[in-house]
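The values are calculated or read from the model by the stated rules, or taken from the named source; none is laboratory data. Values in this document were obtained by computation on a predicted structure and should not be read as measured data. Neighbour counts run over all protein chains shown; Cβ positions are idealised from the backbone, glycine included. Accessible surface is based on the protein model in full, side chains and every heavy atom, while ligands, DNA and RNA are left aside. Shrake-Rupley method; radii C 1.70, N 1.55, O 1.52, S 1.80 Å.
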Amino acid sequence: MSYVWLFTQDWFRCNEQAASEVNLNMWWLLGDNYESSILSFVCTYQVINNGLLVNYGYLHRAKWYKNYTLLTLWAFLIAFISYMLLADPNRVGCAFRLNCGTPSALEKLGYKSPSWYIEPYINVIQHNVIPRAARYKLWGYCLGNMAATNLWQIFVINGPVRRLLQKKKPLRRLKVKL
């Protein structure tokens, strides 16, 4: 869904990654585009959230809200990735090559030139800075995705829908005589 959203954005059209212009000898820079940035953000939110999802447990575990270490780590990681997504180009985002670009490209976009070294970007526009309004839309999409998967886990996988289905269609187990 995030790629469908991305390909409908005016700021993205005509800025897609052109495979013919990529120097494959610089393979570590192949992610210097909007497509990779969007995928990185969405997948990172999902991976972090999955750590919480599998902690809900079922019958033989303590309640998820008693796992303070996990909740603290989860909150820190969500805050960290949210900062990388929502903040203007900065040292942290540039270290991950997300929402960053070459100094000249950042100046053209209205940001001040960074004081740290940034390896040149191999795409034509020399940056992958997502416009501010689009960053907030993507953030909302990622948080909505997290909420939907949490609700699915709580109500369908571990909750009332599961119990209802167990009553209506009980599992037939093989009876083995010993």
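Please give, to one decimal in nm, the separation of the simple spin-label points placed at residue 54 and residue 10, each 7 Å out from Cα toward the Cβ.
With each label point 7 Å from Cα toward Cβ, the separation is 4.4 nm.
Please list 3J(HN,Hα) in residue order for segment 106-114, calculated via the Karplus relation 6.51 cos²θ - 1.76 cosθ + 1.60 where θ = phi - 60°; whole Hz, with x for glycine and proline.
My calculation for segment 106-114 gives 5, 5, 5, 7, x, 9, 6, 5, x Hz in order.
Convex hull volume of the Cα atoms in segment 102-178, per residue, in Å³?
Values: hull volume 18.9 nm³, N = 77.
Convex hull of Cα atoms, per residue: 245 Å³.
For the chain, what % of the accessible area comes from carbon and sulfur atoms, probe 1.4 Å?
Numbers: 7620 of 11850 Å².
That fraction is 64 percent.
Which entries in 63/137; 108/137; 63/167; 63/168; 112/137 show an alpha-carbon gap greater than 29 Å?
In this structure, 63/137 lie more than 29 Å apart at Cα.
Loop sites only, by DSSP: take the chymotrypsin sites (Phe, Trp or Tyr not before Pro) in the chain that have at most 13 other C-beta atoms within 10 Å and name the longest stretch containing none of them. Spell out each step's value before the answer.
Values: sites that count: 7, 11, 58, 116, 117.
Segment 118-178 is the longest.
Give the long-range amide H neighbours of residue 100: residues separated by 5 or more places, or on another chain, with amide H under 5 Å away, using H modelled in the peptide plane at 1.01 Å from N.
128, 129
Per DSSP H run of at least 4 residues, take -39500 (n - 2.57); add these up for the chain, divide by its residues and hand me the 222 nm value, nearest 500 deg cm²/dmol.
Calculated from helices alone, the mean residue ellipticity at 222 nm is -14500 deg cm²/dmol.
Determine the per residue accessible area of the chain with all protein chains present and a 1.4 angstrom probe, expressed in square angstrom.
Per residue, the chain has an accessible area of 67 Å².
Give the label of the value calculated from the structure for semi-axes √(5λ) of the Cα gyration tensor in Å, choosing from (1) 22, 20, 17; (2) 33, 20, 18; (3) 42, 19, 15.
Matching the structure shown: (3).
Find how much the distance from residue 30 to residue 63 grows on full extension, using 0.36 nm per residue of separation minus their present alpha carbon separation; answer in nm with one decimal.
Gain on extension, residue 30 to residue 63, equals 7.6 nm.
In debye to the nearest 20, how big a dipole does segment 21-178 give about its Cα centre with +1 on each Lys and Arg Cβ and -1 on each Asp and Glu Cβ?
I would put it at about 1860 debye.
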